[in-house]
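Enquirer: Supplied in structure tokens, the structure appears directly below.
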Amino acid sequence: MLKYDYTGMLDFISESELLKIIAKLQKENQKLHDGGFPGEEFLGWVDLPGKLKHSIPEEWKATVSQFSDKKVIVCVGIGGSYLGGKAVYDALRNPFSKEGPEILFAGHHLGQIYHENLLKYLENKDFAVVVISKSGTTTEPAIAFRMLLDLLRQKMPESELKNNIIAITDKSKGALLELSKNLELPRFVIPDDIGGRFSVFTPVGLIPLMLAGIDTDALICGAADMAEQCDTRQIADKNPAIQYAAVRQMMWKSDKHVEILTNAEPPLAYVAEWWKQLFGESEGKDGLGIFPASINLTTDLHSLGQFIQDGNPLFFETFLQVLETNQSLEIETQEDNLDTLNYLSGKSMDYVNKQAAAGTIEAHGQGSVPLSQITLQRLDAYHIGQLLYFFEKACGISAYSMGVNPFNQPGVEAYKSNMFRLLGKP
């Protein structure tokens with residue numbers, strides 16, 4: 001199972017005080033199971049992995065199989081409607097392999113250059129679209145989908161669109177629902193009781209991943225096993241989600257208002273992007289919340305390493321590591337040894353990477369950075385499932401411990417109203 005180790009924090013916090021907070025946070029964990037608090041209508045994600053374990057609905061699989069001949073799949077969505085799927089896809093795919101469909105993403109920003117290049121790329125491709133939107137009118141994905149739909153209509157008659165588009169939307173209302181009915185599109189429901197940033201284990205995340213050939217059964221099993229590890233029957237000081245939330249609370253009280261999620265495996269970069277939305281939207285209210293930032297090792301040590309080591313100590317660090325990579329890329333001996341690397345001959349690149357990570361942890365500790373570690377055994381679907389659920393559960397507990405509703409995002413509407421005014425929306 002995933003391991004959370006906070007021993008690197010003990011030079012900065014009192015362990016006895018931390019254990020007291022851990023015991024108290026069992027109540028916040030209980031809120032996520034019992035309800036009765038703000039946001040209780042969005043707790044459907046808490047028990048979802050256990051309900052889906054070994055039993056992804058057959059109709060989901062049947063629909064996915066109908067699209068198995070597509071070489072390119074474009075997923076249209078923004079925020080929670082794409083970040084979870086993108087995080088898992090990037091973590092588990094081989095970016096250099098030609099096996100399976102090519103999964104592309106659109107509608108997650110308003111960049112013209114990106115979308116124009118995408119449309120040109122798709123002109124001569126047999127592609128399908130998975131459009132994910134609760135309402136169908138969110139500006140970014142709605143614009144992208146309109147353009148992709150126009151391109152599909154240039155390629156085929158209206159009656160064929162149902163063989164090239166999957167809609168994931170609200171069960172009873174919205175523009176995308178009406179369109180999907182009119183075109184008789186395959187349709188999946190975004191559950192009413194699960195908000196976007198907690199939706200990776202719903203059709204929002206699972207359908208694109210199934211189309212990509214990801215082992216979603218293993219993903220869900222990992223999440224379900226972590227849900228058991230983090231439920232209310234588990235002793236609080238054995239619950240990694242509670243431990244992590246307690247450390248974050250102590251850091252907040254110590255005026256450490258920025259958390260850096262650091263990882264040493266490039267495929268996990270988008271897991272960090274998903275994590276930033278999860279905690280940023282859940283906690284960032286009422287003048288509260290810890291700002292979520294991330295760095296990727298060893299790349300960012302050559303840009304941000306100086307600041308982390310010697311700069312303004314306003315942050316703490318959570319280090320994400322993978323124990324086993326199942327890779328054996330070794331460094332060979334060179335006779336001239338001009339790069340002076342022969343001392344590494346016979347060592348694997350993974351060994352070098354892990355020593356770099358260990359050296360970074362040691363250096364940041366010496367630089368007075370409070371640091372804890374999350375360790376995954378392997379980088380596979382099962383362990384990524386564990387990681388995502390661990391973060392979801394810890395986020396709910398952490399937000400409740402700060403006294404905020406984890407499941408709304410009132411501040412997001414501010415930019416939208418200004419944008420609509422500037423665009424002249426009726």
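Enquirer: If we only count helices (runs of 4 or more DSSP H) wholly inside the stretch 1-118, which ones have 1 or more residues that are hydroxyl-bearing (Ser, Thr, Tyr) and either touching a residue at least 40 places away in the same chain (Cβ under 8 Å) or loosely packed, with under 12 Cβ neighbours inside 10 Å (or both)?
Expert: In the stretch 1-118, 15-34, 58-66, 83-92 are the helices (runs of 4 or more DSSP H) which contain 1 or more residues that are hydroxyl-bearing (Ser, Thr, Tyr) and either touching a residue at least 40 places away in the same chain (Cβ under 8 Å) or loosely packed, with under 12 Cβ neighbours inside 10 Å (or both).
Condition check ((1) of a type in the set (Ser, Thr, Tyr); (2) surrounded by 12 or more Cβ atoms within 10 Å (Cβ to Cβ)) across all residues:
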position: 385; (1), (2): no, yes
position: 390; (1), (2): no, yes
position: 401; (1), (2): yes, yes
position: 404; (1), (2): no, yes
position: 412; (1), (2): no, no
position: 417; (1), (2): yes, no
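Enquirer: So, in the stretch 230-242, of the ones that are modelled with pLDDT under 95 and in a helix (DSSP H, G or I), which residue ends up surrounded by the most Cβ atoms within 10 Å (Cβ to Cβ)?
Expert: Residues of the stretch 230-242 modelled with pLDDT under 95: 231-238.
Restricting the remaining residues to those that are in a helix (DSSP H, G or I) gives 236-238.
On the way: 236: 19, 237: 13, 238: 11.
Looking at the filtered set, the residue picked out is 236.
Enquirer: Name the single residue, out of those in the stretch 275-300 being buried (at least 20 other Cβ atoms within 10 Å of the Cβ), assigned to a helix (DSSP H, G or I) and not acidic (Asp, Glu), that is farthest from the chain's Cα centre (by Cα).
Expert: Ranking the qualifying residues of the stretch 275-300, first place goes to 282.
Enquirer: Moving to a separate point now. Which one of 144, 167 is under 25 Å from the mean Cα position of the chain (by Cα) and assigned to a strand (DSSP E or B)?
Expert: Working: 144 fails: assigned to a strand (DSSP E or B).
The match here is 167.
Enquirer: Within the stretch 124-144, can you find the residues that are at negative phi, in contact with a helix residue (DSSP H, G or I) (Cβ under 7 Å, 6 or more places away or on another chain) and small (Gly, Ala, Ser)?
Expert: Hits for the stretch 124-144 are 133, 135, 144.
Enquirer: Moving on to the next point. Any idea how many residues of the stretch 370-405 are in a loop (DSSP other than H, G, I, E, B) and polar (S, T, N, Q)? Show your work before the answer.
Expert: Narrowing the stretch 370-405 to residues in a loop (DSSP other than H, G, I, E, B): 370, 379-380, 403-405.
Of the ones still in play, those that are also polar (S, T, N, Q) are 405.
Adding up the residues that qualify gives 1.
Enquirer: Determine which member of the set 177, 152, 211 is of a type outside the set (Ser, Thr, Tyr), over 23 Å from the mean Cα position of the chain (by Cα) and within 28 Å of residue 124 (Cα to Cα).
Expert: Values: 177 fails: within 28 Å of residue 124 (Cα to Cα); 211 fails: over 23 Å from the mean Cα position of the chain (by Cα).
Within the list 177, 152, 211, the selection yields 152.
Enquirer: Taking the options 227, 245, 272, name whichever one is of a type outside the set (D, E, K, R), outside any strand (DSSP E or B), out of contact with any Ser or Thr (no Cβ under 9 Å at 6 or more places or on another chain) and buried (at least 19 other Cβ atoms within 10 Å of the Cβ). Steps first, please.
Expert: Working: 245 fails: out of contact with any Ser or Thr (no Cβ under 9 Å at 6 or more places or on another chain); 272 fails: out of contact with any Ser or Thr (no Cβ under 9 Å at 6 or more places or on another chain).
One residue alone meets the criteria, 227.
Enquirer: What number goes with the only condition from (1) of a type in the set (Phe, Trp, Tyr); (2) loosely packed, with under 14 Cβ neighbours inside 10 Å; (3) under 28 Å from the mean Cα position of the chain (by Cα) that residue 343 does not pass?
Expert: Exception for residue 343: condition (3).
Enquirer: Show the residue pairs that are 6+ apart or on different chains and have beta-carbon atoms under 9 Å apart, the first residue being within the stretch 254-280 and assigned by TED's automatic domain parsing to the domain that holds residue 80, the second being among the β-branched types (Val, Ile, Thr).
Expert: Matching pairs, first to second residue: none at all.
Enquirer: Answer with yes or no whether residue 102 is in the same structural domain as residue 178 (by TED's automatic domain parsing), out of contact with any strand residue (DSSP E or B) (no Cβ under 6 Å at 6 or more places or on another chain) and either of a type outside the set (A, V, I, L, M, F, W, C) or closer than 21 Å to residue 267 by Cβ (or both).
Expert: Numbers: in the same structural domain as residue 178 (by TED's automatic domain parsing): yes; out of contact with any strand residue (DSSP E or B) (no Cβ under 6 Å at 6 or more places or on another chain): no; either of a type outside the set (A, V, I, L, M, F, W, C) or closer than 21 Å to residue 267 by Cβ (or both): yes.
In short, no.
Enquirer: Still on this structure: Which of the residues spanning the stretch 406-426 are part of a helix (DSSP H, G or I) and closer than 14 Å to residue 78 by Cβ? Let's see the steps before the verdict.
Expert: If we filter the stretch 406-426 for residues that are part of a helix (DSSP H, G or I), which is where we start, we get 412-423.
Result: 412, 415, 416, 419.
Enquirer: Check whether at least one residue in the stretch 196-208 is surrounded by 15 or more Cβ atoms within 10 Å (Cβ to Cβ) and touching a Lys or Arg at 6+ places or on another chain (Cβ under 8 Å), and report yes or no.
Expert: Going residue by residue through the stretch 196-208, those that are surrounded by 15 or more Cβ atoms within 10 Å (Cβ to Cβ) are 196-208.
From what is left, the residues that are touching a Lys or Arg at 6+ places or on another chain (Cβ under 8 Å) are 196.
There is at least one residue in the stretch 196-208 that is surrounded by 15 or more Cβ atoms within 10 Å (Cβ to Cβ) and touching a Lys or Arg at 6+ places or on another chain (Cβ under 8 Å).
Enquirer: Right, here's the next one. Do we have any residue at all in the stretch 313-330 that's in a loop (DSSP other than H, G, I, E, B), within 26 Å of residue 83 (Cβ to Cβ) and of a type in the set (Asp, Glu)?
Expert: No, the conditions are met nowhere in the stretch 313-330.
The values are calculated or read from the model by the stated rules, or taken from the named source; none is laboratory data. None of the values given here were measured: they were computed from a predicted structure. Counting neighbours? That spans all protein chains shown, and the Cβs are built from the backbone with ideal geometry, glycine included.
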